[in-house]
Structures are given as C-alpha cells and as structure tokens.
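Before any comments, here is the structure.
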Amino acid sequence: MILTKEGAPMDEFPNCIEGAVDTVVYQNEENGYTVLRLDVGEEEPVTVVGCMPRVAPGESLWAQGQWTRHATYGTQFKAEVARRGMPQGEKAIFDYLASGAVKGIGMATARRMVEEFGEVALDVLERTPEKLTAIKGITKKRAESMGEAFRLQMGMRRLLDFLLEHSLPPQLGMPLYRRFGDRALEAVEANPYLLSEGEMSIPFAQADKLALELGFAGDHPQRLEAGVAFVLQHNLDNGHTFLPRQKLLQAAAALLGTPDPESLEDALEVLLERGAVIEEAAAGEDACYLALFHKAETIVAERISAMSRSELCPPEDMEGLITRMEKEQGITYAPQQRSAVEMAARCQVMLLTGGPGTGKTTSLKGILSLFEGMGLETALAAPTGRAAKRMGELCGAEGTTIHRLLETRFDPKVGDLVFAHNEDNPLKADAVIVDETSMVDIILMAALLSGLREDCRLVLVGDPDQLPSVGAGNLLSDLIRSGKVPMVRLTEVFRQAAQSAIIRSAHQVNQGVAPVLKNDSAQDVFFLRRADPALAEETIVELVGKRLPENMGIPSHQIQVLSPTRKYAGGTASLNQALQQALNPPAEDKGERKFGPYIFRQGDRVMQVKNNYDVLWKTSGGLEMGMGVFNGDVGHITEVDNRREIITVDFEGHIVEYSPDMLGELEPAYAMTVHKSQGSEYRAVVLTALDTAPRLLTRGVLYTAITRARELLVIVGEEGVIARMTANNRQSKRYSGLRWRLAEG
C-alpha cells in the first residue's frame, strides 16, 4: 500500500510506503545498499532503493523517505528508514526461502518445507530445526546448519531494528555483523562506545547518547574509558602520535563534561593495564599513545636506527660505474648529486632532500642506475597514485603506491589494515626508493619497514618544506632533525631551473620573501588582481575554460585549480560548481546523478577522498584486476548508468564501479585544496589567493601550491594575501616521539 505519493492525500506518515518485496534487483553485501521491487498492491511494483541489508523476496517492508523521478527510469522511492517484517502466508514464505536468503535452502527445499510445515515453516527453522529431518533428503547435520544460518539472519534483523529504534544509521549493520556475527546486538548493548571505533566511527557524541539511552551513568567506567581513548583517536587527525598525560586528561574531561580531569585517572589506568594505551616518558613528556601507534613509532625508530648503523660494501669499481652512468645519461653529476649516488652505494638507508630545481630527479635516476648496475631488484614507490606515476615517468621505470607495493587490504574482523607483505612475507626487492616522503605517516612507514628484507636498501626522497602528512606523525622532519640518518641535502639551484619564475618564487617563499608578482610574457608565473571573490571565480573559470587553452595551448584537463580552503570565498566547493558548469555542462547524451551537494556527470573530473581497500578495480578490457582505491586518487567519470545505479570512474587505467552507497567517497576535482594536491604535479596551476582562515594562509601551503606547477602558475587574488602567507611560517606542533627515539637509539 502506498501511503503517500505525488498527488495523493497526506496520511499519518508522510512519504511512506509499504508492501511485500517482489524482487531484489541489486544488493551490495559489504554495506547493505539495495535496489528492490516492492509489491504495493497496484499493477506495477515500485522501485525502492536504500540501505536494507540482506532483505529478501517475500518479506514485508515499510519505508519512509522521498520520491524521486528519473527522466529514463521513472519514479523511485529512496528509503531513509526501513522496517522489515517476516513473510506472512505460504506464498510469501516460499518466495523468501526460495530466494536463497537462508544459506543451504534453494527452491526445491523451500517448496518441500512449505508443503510440510505451511505457515509455521519459519518457526520450525528457527526454534526446532531438527524437525526438518522429516523431509526426505535433509539430514540432522544439514538441518542444524540451516537453522544456524536462519538464526544469523534473525540476528541481523534484530540489530537493524535496534539501530532504527535509536536513530542510528542502518549502514552500521554490515560492519557490526561482519565483526561480531549474531552477537552484534549483544556487543553494542554491552558497549555502545565501540560504535565510535574503527570501521564504524560514528561521532562520539552519538555513541554517548546511545549509552545514556541504554542506562549508562555519566560516570560509568566504560564511558570514561571510551572518552579518554576517543581523545587519542581524534587527535591522530591533528597529526599527534601521542598526547601528554595531562593534556589528554584535560581534553577528555572537556569532552565528557567532567569538571575534574583527575577523576579520569582511574579510567586511564584501566586502559594502560589493558594495553589499549601505552604510557612512556618520551620527548620530555609523559606520553600516552594508542597501542598501535606506539608500536608503529617503535618499529620505525628501531629499524631506521639499525639500518643507519649498517655500512655496506660499495661496488669494487664504483668510479667506473658512475662514469659509465654519466656517459649513458649524457650528463655530469654535480658534487652533491655524486655524493647522493655514492651514499646510496654504501648506506642501507639514506635521505635525499631538496627543493625544486636542485636536481632531486637526476640524483634519483642516478641512484636507480647504480642499483641496476649492481644487479639489485629495485621497487619505486610513493604515497599516492599520481606521485607514483610521475616518479615512474621521470625515472623510466614503473612506480607504484606503497599500499599496492605491500598489497594492503582492510580486514573487517580486526577493523584495521593488513598487509600481505610483512615480517613473515617480506618483499623480494633488494632496494626500495620512496618519493614524496613528507606525505608518509608513521603507520604506513612502519608497515613498509616491516615488509622489507633485513638486507634491503631504502632511499627516502622528499622536500621537508612541503606540508606534513595528513596522517599522524612528523616522519620526514623527525628523520632529518634527528641527525642520525645518512642524508644528502641538495641546495644548488641549477642555472636552467633558476630561469623559471616558478622555482625562483618557491625558493623566495621558503626564505620568507614574498614572490615578485609582475606579469612578464617571458615568465611562467602570472598574477591577476581580483579582490572581489565573485570576480575572482569568474576569472578562474575563464582562465581554465578559454584563455589558457587558447592563448597558452594548455588544455583544460591539464590545468588544476588549487585553493587553501574548501569553504569561504574562493573555496573549492563553489569553484567546482562553476568549473563543472563551464567545462562539462549538462547534455542529453551525458548521464548524471545527484548525491548530496554534488551532481556527478559523465566526463567529470573526480577525486577519491577516503582510502577504500576493498573496492575492486580492473583495467580496460578486464585483463588485470586488483583491490583498492586511495585518498587523493584522481580520475574521470566514464559512465553514469542510472538503471544499475552505477557510476564508473577511470583512475588512469584502473576502472572502478561506484554504487550509490560509495558516492560519499567521491568529490569533484576541477578544484582541490592544496593539501589534497600533495604528491602531484600539473602542467598548469591556477591558485586562488583570497582572505580566509589564518591557519590556512601559511608559508607551507603557499610553497606546496607553487611547487605543484610544472610549466605555468597563475595566481588570482590579492597581493596582501600572498604577503601574509609568506610571512606566516607558523607550523602546528605535532606530538611525536620518533626524533627522540632515534636520538636515544
């Protein structure tokens, strides 16, 4: 029965529908997103879409949501809330069992069960499955197995009813079910705060509200312990691998509304005794770590210290080898570059740092040639797909992401990442070279070091003046400042590079000198003064859509718009809408789909904004397949199939299909924040320089933005903003013990 629909009178429940499930068209087993046809007693079933995990034909369904209309596929009902009921009547029970909803029961068995037990078939299946042995062909073992499978189904149903009752997203059902099985509801009732952990990660306030609804007192030990642990987890996003004990307790007291931080001492002690938190005197602080991050920091310090002390024998004829390399490459290494190559020959681990135009690429190619000449199998890796591709192109070899090198996947049973390559299954590589090391966080570096053979060489390449990693830790800075890791810092800007205003501007900014903003046709940096945000946006759209392609010969898809901010004037949210309208307007032959604030359209440039280790990708034609698409990966939409509700994205040869439940992981990428652009290089960059939050207008942001441009940089905005960014060398303090551990080691 349709309770309301366009043109129908309002009933007790607005925008509601109910009926019996006729057909399940599509269902994502990972997250429960479903497309189904619902028999509502009219001539044609109604299409209903939403999160309805493991729903099956024959079930009754009541849903509340919104009606949507598609030009091709007509009216659909988007269920925001769904209540399910068990099938009623023999036909509905048969449809349900015959659909394969219960493992081990097919159409023939379903028919015999309904013939034998009629309308009580499901009661028998759940409560007395041994009675099923009365049916020919069903053994006692099979009956028990079918009963167990059905009880698991009932566990999921009760879990979903519980989530609905407490206004929690049904999307939590599948990860909870994967982790706890039919004990999921019991686990949540015993500890509601687990919902703010790991894969679930709902806001702490939401888990806290549920706990209080379930009768947990404000001073319940579990609440206090969860609050302390959450503060540590939350501050990972601020880059901290640990928090000082008193700061931790003060922040937790504020979160929990507890006036006295000392009242949380007992909660912290319980976490310490349990091993969930590790406390250690480190870096002059009483440092409190989540156990995983303490382990990671310890692994990195111990392994890097051991590798730094290792002296290797260089090739016997190293001088001759380097001379041959120079001849083959048609160059003569500068003294610092030669030092880098020689250091790579005798050191197991080394750092290679330097700004733009100082010869990092030449040095890196020299090290790679040296390793090849020594007969070493070398892997090239970087934190992001674009950085890995660029590294490979510059070196003339294949580059890959660190995640793919280690064969990373997400294990829902432990709620964390696992790596195929680790201490027990190390990489075969004799040497690994990592570019853009400033982007690598402590967890990823620990995983990489754990996946190397004990005798494997490691070269870490990066620019310490770029923005630090998004994840926890201050890796490259800590390694450099420790003074314990062999390092070559390239400082000479080569004459040809110095002719580039992009490179000169980057070095000026790095030294605290505002770049010269004059428009000279011989330069590769231009400034357009636009104080009004609306006029600045109009200018940017014109630059990308017309002026640069026509006047500079740079096509729009090779131009990247960058902004320090997502919101406010000149932010990426507004810019993406304007650029999409100009560069990829609606057309009859282009499929599109609205999701949240975005319209995703065939031909759009998009970016993955969350690591997804379980998604399947394949190459064009399906010749190769793999798992994982990662935060910062940029691609373009090749197809919007509204019939299957699938959006297909090509990430530079890796084809990924997105169902509607995954669209929250995509954003338009015509414009992106400077932070998101790390590790990438673009033929042309258009940078907005408008007033915004002071914490975003820093020297590091400006330096990183400038160094993203390869051939052309156009700055649109105000000179004063550029001057303020150059002068603001404020760097957020990150609590990290790595430098201290390296010094101690």
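The values are calculated or read from the model by the stated rules, or taken from the named source; none is laboratory data. Just so we're clear, the structure is a prediction, and the values are computed from it rather than from any experiment. Here Cβ is always computed from backbone atoms with ideal geometry, including for glycine, and neighbour counts include all displayed protein chains. These accessible areas exclude ligands, DNA and RNA; they are computed on the full protein's heavy atoms, side chains included. Shrake-Rupley method; radii C 1.70, N 1.55, O 1.52, S 1.80 Å.
Annotations
- Subtracting the Cα-Cα distance of residue 339 and residue 683 from 0.36 nm times their residue separation leaves 120.8 nm of extension gain.
- The distance from the alpha carbon centre of the range 226-248 to that of the range 87-145 is 51 Å, rounded to a whole number.
- Among 376, 672, 135 - extreme Cα towards positive end, dipole of the chain, charges at beta-carbon: 376
- Carbon/sulfur fraction of accessible area - the range 614-715, other protein chains in place, 1.4 Å, %: 49
- Tensor-based shape of the range 40-183 (alpha-carbon gyration tensor, a/c under 1.5 rounded, otherwise prolate or oblate): oblate
- Trypsin sites (Lys or Arg not before Pro) within the range 622-709, DSSP loop, no more than 15 other Cβ atoms inside 10 Å: 643, 644
- Rounded to the nearest 0.05, the FRET efficiency derived from the C-beta distance between residue 409 and residue 183 at R0 = 35 Å is 0.90.
- Each Lys and Arg adds +1 at its Cβ and each Asp and Glu adds -1 at its Cβ; summed about the Cα centre, the range 363-519 shows a dipole of about 680 debye.
- The chain - percent relative contact order, Cα under 8 Å, separation 6 or more: 10
- Where the range 558-616 is the region considered: accessible area per residue in Å², 1.4 Å probe: 47
- Gained length - residue 551 relative to residue 28, 0.36 nm times residue gap less alpha-carbon distance: 183.5 nm
- For the range 568-649, the set of GluC sites (Glu not before Pro) satisfying both a DSSP loop assignment and a count of at most 11 other C-beta atoms within 10 Å is given as 588, 624.
- A Cβ-based charge dipole, computed about the Cα centre of the range 195-325 with Lys and Arg at +1 and Asp and Glu at -1, lands at about 300 debye.
- Here is the list for the range 21-120: trypsin sites (Lys or Arg not before Pro) lying in DSSP coil, each with at most 16 other C-beta atoms within 10 angstrom of its C-beta, are 103.
- Accessible surface, the range 108-157, averaged per residue in Å² (probe 1.4 Å): 53
- Accessible-area composition of the range 35-137, carbon plus sulfur, in percent [1.4 Å probe]: 46
- On full extension, the segment bounded by residue 594 and residue 643 gains 16.2 nm, given 0.36 nm per residue less the C-alpha separation.
- For the chain, the mean residue ellipticity at 222 nm estimated from helices alone is -10500 deg cm²/dmol, where every DSSP H run of n ≥ 4 contributes -39500 (n - 2.57) and the total is divided by all residues, rounded to the nearest 500.
- Residue-normalised accessible area of the range 392-517, expressed per residue, 1.4 Å probe, Å²: 43
- Gap separating the Cα centres of the range 34-70 and the range 170-192, nearest whole Å: 25
- With 5 Å bins from 0: P(r) over the range 471-594, alpha-carbon pairs, percent: 2, 8, 12, 14, 16, 15, 11, 10, 7, 4, 2, 0, 0
- The modelled label-to-label distance between residue 428 and residue 280, using points 7 Å beyond Cα along the C-beta direction, is 3.5 nm.
- Charges were assigned to the Cβ only: +1 to each Lys and Arg, -1 to each Asp and Glu. The resulting dipole of the chain about its Cα centre is roughly 1440 debye.
- Percent carbon-and-sulfur accessible area, the range 411-526, ignoring ligands, DNA and RNA, probe 1.4 Å: 47
- Note on the chain: antiparallel DSSP beta bridges, both residues inside, total approximately 60 percent of the bridges counted.
- Furthest towards positive pole of dipole, 329, 230, 105, structure part the chain, Cβ charges: 329
- Here the range 123-229 is treated as a sphere whose radius is the Kirkwood value from Cα pairs; by Stokes-Einstein at 37 °C and 0.692 mPa s it diffuses with a coefficient of 212 µm²/s.
- Normalised by the number of residues in the range 505-590, the average gap of Cα pairs under 8 Å and 6 or more apart makes the relative contact order 18 percent.
- Taking other residues whose beta carbon is less than 11 angstrom from the beta carbon of residue 349, and scoring Lys, Arg as +1 and Asp, Glu as -1, yields +4.
- Label point 7 Å beyond Cα of residue 199 along Cβ direction - residues of the range 176-191 with amide nitrogen under 18 Å: 176-189
- Positive-end extreme of charge dipole, the range 429-550 - chosen from 515, 431, 527 (charges on Cβ): 515
- Between the range 400-468 and the range 306-354, the C-alpha centres lie 23 angstrom from each other.
- Pairs beyond 23 Å (Cα-Cα), from 103/136; 91/131; 78/676; 295/484: 78/676
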